[in-house]
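A.B. asks: First, the structure itself, so that you have it in front of you.
The values are calculated or read from the model by the stated rules, or taken from the named source; none is laboratory data. Here the structure is a predicted model, which means the values were calculated and not measured. Using ideal geometry, Cβ is built from the backbone for each residue, glycine included, and neighbour counts are taken over all protein chains shown.
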Amino acid sequence: MKKFTKEFLGESSNADDCEIINPEIIDFEIDKNTDELIATTEDAIVIVNHSLGYKIKAYLKDFVWSRSGDDGRFQIYPLFEELNSTDEKEKNNWQINRLDTYKGSFRHFLKSCAEGKVYEEGFRLMRSYVNPRLIYSDRSDSLSRQKKIDLDTLLYPRIKKNSEDEYCAIYGGLIQVVYLRNGEELNYNNYREKLIGNASFNILKEFTLKREKNITGIKPHQSSWIIFPSGELYFNRNGICSDVSPYGKKFAGYWAWKRVADLLPYDYKYSLSDESIK
């Protein structure tokens, strides 16, 4: 249960304020051949997210995760319900946390793709290494100086508009995506350390500390990597992926670290009034 909770909800600041209120309905088994943890349930897992102000009924279709490593997959059908509060400060905090969760997310990225505003929204991207040992060779320094014409040339020929509300991203390789307008949570450091080892982590940690002190002049950022196993991914103009291919994307980096505790309902919309609250 401890392993499931960590991998399912995640380890972000939002996850710190989440709780599964009916854990007794979840059944577990271990695949002895692959040493994977498999979770199943016949009813919805009920999650209260005190950070974002939602109660979520998550219908679990699939959950398989390596017990010794940090790779796996899960698929859910979530139903969101707003939490009630008479405390205006608490409700304002929910709005702020939702905005922070949305900005820089994969959903935000896809919506920017549909609108043709990826550069304007603060994203930068480039082709990346496929070798897992090199995948975390963070090149955010050069990406922060990327020109709009270079990003447009790489991205937009691969975004196809199929209809008024359906888009398809077509790409067979690995891409690094950097979001320049927000930094990575401190909680993410432990996850990154597990993946790239202590030696590499110490170098990155030193660089991060310098960056946060503005010694290097590079702004804090979020780094993620993505690949489409089938070579294409379908999504709508709001950045919601199609159910046609639930495992049509594989993440590494910051997006991989974000889990159920960082989900927002499909009807969530970014509002300038949320910025004014901050």
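A.B. asks: Would you point out which residue out of 198, 189 is surrounded by 13 or more Cβ atoms within 10 Å (Cβ to Cβ), at pLDDT below 90, in the same structural domain as residue 253 (by TED's automatic domain parsing) and over 30 Å from residue 243 (Cα atoms)?
C.D. replies: 189
A.B. asks: Of everything in the range 48-59, what is β-branched (Val, Ile, Thr) and buried (at least 22 other Cβ atoms within 10 Å of the Cβ)? Give them in sequence order.
C.D. replies: 56
A.B. asks: Right, here's the next one. Hey, can you tell me all the residues within the range 231-253 that are among the hydroxyl-bearing types (Ser, Thr, Tyr), modelled with pLDDT under 95 and surrounded by 14 or more Cβ atoms within 10 Å (Cβ to Cβ)?
C.D. replies: 242, 245, listed by residue number.
A.B. asks: Which numbered condition in (1) within 21 Å of residue 97 (Cα to Cα); (2) in contact (Cβ under 8 Å) with a residue 24 or more places away in the chain; (3) part of a helix (DSSP H, G or I) is the only one that residue 11 fails?
C.D. replies: Only one criterion in (1) within 21 Å of residue 97 (Cα to Cα); (2) in contact (Cβ under 8 Å) with a residue 24 or more places away in the chain; (3) part of a helix (DSSP H, G or I) is unmet by residue 11, namely (3).
A.B. asks: Checking the conditions here, which among 130, 118, 48 is modelled with pLDDT under 95 and of a type in the set (A, V, I, L, M, F, W, C)?
C.D. replies: Sole residue among the options that is modelled with pLDDT under 95 and of a type in the set (A, V, I, L, M, F, W, C): 130.
A.B. asks: Out of the residues in the range 160-186 meeting the condition of being among the aliphatic types (A, V, I, L, M) and under 18 Å from residue 105 (Cα atoms), tell me which one is surrounded by the fewest Cβ atoms within 10 Å (Cβ to Cβ).
C.D. replies: It comes out as 186.
A.B. asks: Moving on. If you go through the range 61-84 one residue at a time, how many are exposed (fewer than 13 other Cβ atoms within 10 Å of the Cβ) and among the hydroxyl-bearing types (Ser, Thr, Tyr)?
C.D. replies: Of the residues in that region, 2 qualify.
A.B. asks: Inspect the range 20-33 for any residue being in a strand (DSSP E or B) and either among the aliphatic types (A, V, I, L, M) or surrounded by 15 or more Cβ atoms within 10 Å (Cβ to Cβ) (or both) and give the result as yes or no.
C.D. replies: yes
A.B. asks: Please state which one of 34, 41 is farther than 18 Å from residue 258 by Cβ and at pLDDT below 95.
C.D. replies: 34
A.B. asks: For the range 50-97, what are the residues that are basic (Lys, Arg), assigned to a helix (DSSP H, G or I) and touching a residue at least 24 places away in the same chain (Cβ under 8 Å)?
C.D. replies: Selection gives 91 alone.
A.B. asks: Restricting attention to the range 232-243, does a residue exist that is touching a strand residue (DSSP E or B) at 6+ places or on another chain (Cβ under 8 Å) and without any contact (Cβ under 8 Å) to a residue 40 or more places away in the chain?
C.D. replies: No, the range 232-243 contains no residue that is touching a strand residue (DSSP E or B) at 6+ places or on another chain (Cβ under 8 Å) and without any contact (Cβ under 8 Å) to a residue 40 or more places away in the chain.
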